Amino acid sequence: MIRIEAKNKNYNGVIANITFENGIATVENLSDDLKYWFIKLGGKIEEIKEEEEEEEKKAKSGKGE
């Protein structure tokens, strides 16, 4: 998975057909062109390991350990 952080940390909406919530979106795949484009706009791209994905899902659902 790939985590995208928008420059605007409060952004809720869709950019390039990717839905952002509070400035963050996660996608399975992201083309090199889109990675470059998001970085050029001031965003951050991060590869998420499987363990981090589970923690993020728990945090979103409010089911912390």
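The values are calculated or read from the model by the stated rules, or taken from the named source; none is laboratory data. All figures in this text were calculated on a predicted structure; none of them were measured in a lab. With ideal geometry, Cβ positions are generated from the backbone for all residues, glycine too; neighbour counts draw on all protein chains shown.
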Is there a residue in the range 21-28 that is over 20 Å from Glu55 (Cα atoms) and surrounded by 11 or more Cβ atoms within 10 Å (Cβ to Cβ)?
no
Taking the range 4-15 and keeping residues under 15 Å from Gly42 (Cα atoms) and either among the hydrophobic types (A, V, I, L, M, F, W, C) or in contact with a His (Cβ under 7 Å, 6 or more places away or on another chain) (or both) leaves Ile4, Ala6, Ile15
Starting from the range 46-59, take each residue that is within 19 Å of Lys35 (Cβ to Cβ) and assigned to a strand (DSSP E or B) and list its partners that are at pLDDT 70 or above and of a type in the set (D, E, K, R), counting only C-beta distances under 9 angstrom and pairs at least six apart or across chains.
Glu46/Arg3; Glu46/Glu5; Glu47/Arg3
